[in-house]
Amino acid sequence: MTRIDTRFAELKKAGRAAFVTFVMAGDPDPATSLEIIKALPKSGADVIEIGMPFTDPMADGPSIQAAGLRALKAGMTLKKTLELVRGFRKDDNATPIVLMGYYNPIYIYGVDKFLVDAKSAGVDGLIIVDLPPEEDDELCLPAMKAGLNFIRLATPTTDDKRLPAVLANTSGFVYYVSIAGITGAGAADANAVGEAVARIKRHTKLPVCVGFGIRTPEAARAIAEKANGSVVGTALVDALKNSLDADGRATAKTVNAVAELTAALAQGVKGAQQAAE
Amino acid sequence: MNVAKPNSYRSGPDDRGHFGIFGGRFVAETLMPLILDLEKAYSDAKADPAFQIEMNGYLKNYVGRPSPLYFAERLTEHLGGAKIYLKREELNHTGSHKVNNVLGQIMLARRMGKKRIIAETGAGQHGVATATLCARFGLECIVYMGAVDVERQQPNVIRMEMLGAKVMPVQSGTRTLKDAMNEALRDWVTNVHNTFYCIGTVAGPHPYPTLVRDFQSIIGNETKAQMQEIEGRLPDSLVACIGGGSNAMGLFHPFLDDPSVEIFGVEAAGHGLTQLHAASIAGGRPGVLHGNRTYLLMDADGQIQDAHSISAGLDYPGIGPEHSWLHEVGRVNYLSATDDEALAAFQLLSKLEGIIPALEPAHAIAKVMELAPKRANDHLMVVNLSGRGDKDVPQVGDILRGKSK
Ligand SMILES: Cc1ncc(COP(=O)(O)O)c(C=O)c1O
């Protein structure tokens, strides 16, 4: 059992969906980023996804792309991302941490060394956007061996024929990408999402969380009624960005800006469980 | 290098798209089903004689193939040494080798029923070729181009617009070819149901490196036959410039299993290999970007570094995966030429042969200037003249005038 499995088991018992937040490691600077991540569980996040900054995030929209570049400019590296997780773990040993990003920085770090260091830092799962099941040998299988969940994305183009391949080595949860598109684009249609989640559930017992295109407490709630979790990223990254000064530096408002939106979104998700009961 | 030599250098990739450790399919899940469809459509097309016949018709009557293999007598005399032949890809319709590949991919897109075509372009040559064939077949065409390249390759931007394509300047990142490719991938992820992504070089996820290579291999196949006819034998060496490496792969591939043929790929060394450049093999190492594992320019943390070349078409921090493999198995020698060397070669070819080359193949000519004098008089050297210089005339004119001031 990883922290992810434990957390979803607890949520199931409590009869409610998970609220999953995404923020970029080191955005806008490493110290503020740690404060933000520490504030997330207190504001109602059940699972935290942390973006690993990359120069060429080809499945991300402008907001997350800019967040990654801000972090890189502030000196963020993969090593410092793991230190960030280590820092978070000093006070929180329960909230699952999932690293999300692209393969190249991990490949350059060295897959085996990365898995050892990630595990010891307190990482629970990985979402690597550019590693489909066809490339499972690269990181997915070694990660499973190392005791980390490899969380796969399923998308509207993943049909019934392909789903078993996508789910085969997935653990922790399934991340359903509600739109064929990049992060921050479009808005998820709750009914279509409901059908897709039901379709995935016919193939797996894993929890299914849904992300891409969820920005408001109402949307987070509507999705949480259809799935085991709502994931919000771009809206939080935008809230962070709007709190920065003209030079892109953190201000006294930055941590609160993210925490307040997190709390409002968490309320939305928690409302869903009551609606569903 | 301690890598096992294969029985044939032409048999790759394996069925998962790997050339040694290079290649593969490193893309978002959204794209995987389409990439598998494309792989199937391509293998069906290859087996369909009607596809070949139709394509050959367009290659002959629309593109203007075969392109001549021209003996560059004055360049040969000037340099002393090898007999230099130019493979005249610059005479193709649209002015470069890019059209060979685009024709193939557009015909595949038609087979797959796709009506919306997207492409990325650096110098604009691939964009112009794509816009041209989209016009010819009545397809919607969107071309992503780095904002920096939109500035320095104005003539091609205007051409694309005249052909009815929509040129999208890309403002993210370094605002050059790599960012145009990111943006095209984002568009594709978003519009995957109706869109065909026409990739301009031998890079990207499998099967692109293979299918682009196959469509470009007409360059080498013609060269083989033409050299046989002119000189009665194989050439002794081949030289081509490398951005992603499609014109080079097209010339090289049919000769890979002919051990007597020396092969040289020329990367862009920009301001020099210790400064800003675009030489992925000389200055990079294996990494994963844009759907494939290949040599890339990056920092110690795996972040992709900016490439620089005077030539927008070579200004890319990566190279096709098959080249990375050919480098590691030692079949092809990868050299590099600086901006200044390319400019000198650009002027030399213009003045001696009355052929204004694009800045991209000027890099290849620059290395011919070094290699040819060291070879015997009966050595047959073929240079791929991948494109003509019309697009570069304003840029080079500014540089030369600036210099002479
Ligand atoms: C004339 C010409 N040659 C070469 C290239 C480089 O591409 P590749 O290495 O794929 O041939 C370009 C790219 O724009 C080009 O326009």
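The values are calculated or read from the model by the stated rules, or taken from the named source; none is laboratory data. As the structure is a prediction and not an experimental result, all values here were calculated from the model. Positions of Cβ are backbone-derived with ideal geometry, glycine not excepted, and every protein chain shown enters the neighbour counts. Heavy atoms of the whole protein, side chains included, go into the accessibility calculation; ligands, DNA and RNA do not. Shrake-Rupley method; radii C 1.70, N 1.55, O 1.52, S 1.80 Å.
Here's the picture: charge each Lys and Arg Cβ at +1 and each Asp and Glu Cβ at -1 in segment A:175-277, and of A:THR254, A:ALA227, A:ALA185 the one pushed furthest to the positive end of that dipole is A:ALA227. Considering only B:ILE84, B:ALA225, A:PRO217, the residue lying farthest towards the positive end of the dipole of the protein assembly as shown is A:PRO217, judged by Cα position with unit charges set on Cβ.
The amide H of B:LYS166, built 1.01 Å from its N in the peptide plane, has B:CYS141, B:ILE142, B:VAL143 as neighbours under 5 Å, considering only residues 5 or more places off or on other chains. In this structure, the pairs whose alpha-carbon distance is over 25 Å, taken from B:LYS40/B:LYS98; A:LYS73/A:LYS253; B:LYS5/B:LYS178, are B:LYS5/B:LYS178. Can you give me the span-like helices of chain B, meaning DSSP H runs with 15 Å or more of Cα extent along the axis and Kyte-Doolittle mean at or above -1.0? Span-like helices in chain B: B:32-46, B:98-111, B:125-137, B:177-190, B:218-231, B:339-353, B:359-371, B:393-404. Rounded to the nearest 0.05, the FRET efficiency derived from the C-beta distance between B:ALA135 and B:ILE399 at R0 = 41 Å is 0.80. Return the average number of partner chain Cβ atoms within 10 angstrom of each residue Cβ along peptide B:189-198. Across B:189-198, the average partner-chain Cβ count within 10 Å equals 3.
Couplings 3J(HN,Hα) for segment A:151-162, derived from phi with the Karplus relation 6.51 cos²θ - 1.76 cosθ + 1.60 (θ = phi - 60°), are 9, 9, 8, 10, 10, x, 8, 7, 7, 4, 5, 8 Hz, where x marks Gly and Pro.
The mean accessible area for residues of segment A:1-159, using a 1.4 Å probe and ignoring ligands and nucleic acids, is 33 Å² per residue.
When B:ARG285, A:ARG3 are compared by accessible area of protein heavy atoms, the largest-first order is B:ARG285, A:ARG3, using a 1.4 Å probe. Summary value for segment A:3-271: 22 percent relative contact order, contacts being C-alpha pairs under 8 angstrom separated by 6+ residues. Judged by the mean number of other Cβ atoms found within 10 Å, the most tightly packed of the peptides B:219-228, A:60-69, B:354-363 leads the ranking B:354-363, A:60-69, B:219-228. Annotation for A:ASP159 and B:HIS271: the two label points, set 7 Å from Cα along the Cα-Cβ direction, are 5.2 nm apart.
Counting 0.36 nm for each residue step from B:TYR62 to B:ALA147 and taking away their Cα separation leaves a gain of 27.5 nm. Rounded, prolate or oblate: which one fits segment B:1-79, using the alpha carbon gyration tensor with axes a ≥ b ≥ c (rounded when a/c is under 1.5, else prolate when a/b beats b/c, else oblate)? Verdict is oblate for segment B:1-79.
About its Cα centre, the protein assembly as shown has a charge dipole of approximately 900 debye under the convention of +1 per Lys or Arg Cβ and -1 per Asp or Glu Cβ, with nothing else charged. Label positions at B:HIS193 and A:ARG86, each projected 7 Å from the Cα along the C-beta direction, are separated by 4.8 nm. Shape class for chain B: rounded, because the ratio a/c of the largest to smallest gyration tensor axis (alpha-carbon atoms, square roots of eigenvalues) is under 1.5. Between the beta carbons of B:GLN52 and B:ALA225, assuming R0 = 25 Å, the FRET efficiency works out to 0.90 to the nearest 0.05.
Counting Cβ atoms of other protein chains within 10 Å of each residue's Cβ and taking the mean over peptide A:126-134 gives 6. Overall, segment A:92-138 carries a charge dipole of about 280 debye about its Cα centre when +1 sits on the Cβ of Lys and Arg and -1 on the Cβ of Asp and Glu, all other atoms neutral.
Each residue, A:LYS13 and B:ASP258, gets one label point 7 Å from its Cα in the Cβ direction; the gap between the two is 7.4 nm. Within chain B, the cysteines lacking any other cysteine Cβ closer than 4.7 Å to their own Cβ are B:CYS198, B:CYS241.
When you restrict to C-alpha pairs under 8 Å that are six or more residues apart and normalise by the size of chain B, the relative contact order lands at 21 percent. Peptide packing for A:177-189, B:49-61 was compared via the average number of neighbouring C-beta atoms within 10 Å per residue; ordered from the highest value, the list is A:177-189, B:49-61. Applying a length cut-off of 20 Å (Cα extent along the axis) and a mean Kyte-Doolittle floor of 0.0 to the DSSP H helices of chain A leaves A:254-276. Can you bin segment A:3-271 into rounded, prolate or oblate? Criterion: square roots of the alpha carbon gyration tensor eigenvalues sorted a ≥ b ≥ c, rounded for a/c under 1.5, prolate for a/b above b/c, oblate for the rest. Taking the square roots of the gyration eigenvalues as a ≥ b ≥ c, segment A:3-271 is rounded. Taking amide H as placed 1.01 Å from N in the peptide plane, A:VAL210 has its amide H under 5 Å from the amide H of A:TYR176, A:GLY229, A:SER230, A:VAL231, each at least 5 places away in sequence or on another chain. Mean per-residue shielding of peptide A:48-56 is 4, counting Cβ atoms of other chains within 10 Å of each Cβ.
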